[in-house]
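The values are calculated or read from the model by the stated rules, or taken from the named source; none is laboratory data. Given the structure is predicted, the values throughout are model-derived calculations rather than measurements. Ideal geometry is used to build each Cβ from the backbone, glycine not excepted, and the neighbour counts take in all protein chains shown.
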């Protein structure tokens, strides 16, 4: 399997070291009460009017999926397995 360049691996020691380098004041977070949080949220302009009106909410159930069965000749399956998928750079070949 090809390695994804965005996936990073860390050892337990590296994670603990990164946590030690954190600039978050965890004692301040632990000391914050629910009342303090409510006051801070109420004073945040990004949260203004952020209370949804649940009185008009309605439950919408998704439509059930429908079974579709398709029978194909082996020739069609073998051809489709060998065809290169058409991407944006060679989609113009469809018109020729």
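A few comments on the model shown:
- Considering region 29-43, the residues that are assigned to a loop (DSSP other than H, G, I, E, B) and surrounded by fewer than 10 Cβ atoms within 10 Å (Cβ to Cβ) include one that is modelled with the lowest pLDDT, namely 43.
- Cβ-Cβ contacts under 9 Å between residues 6 or more apart (or on different chains), taken from a first residue in region 49-66 that is within 25 Å of residue 38 (Cβ to Cβ) to a second residue that is part of a loop (DSSP other than H, G, I, E, B), are listed as 50/44.
- Flag for residue 93 being out of contact with any strand residue (DSSP E or B) (no Cβ under 7 Å at 6 or more places or on another chain) and at pLDDT 75 or above: no
- The residues in region 1-28 that are loosely packed, with under 10 Cβ neighbours inside 10 Å and either part of a loop (DSSP other than H, G, I, E, B) or within 27 Å of the chain's Cα centre (by Cα) (or both) can be counted, and the count is 16.
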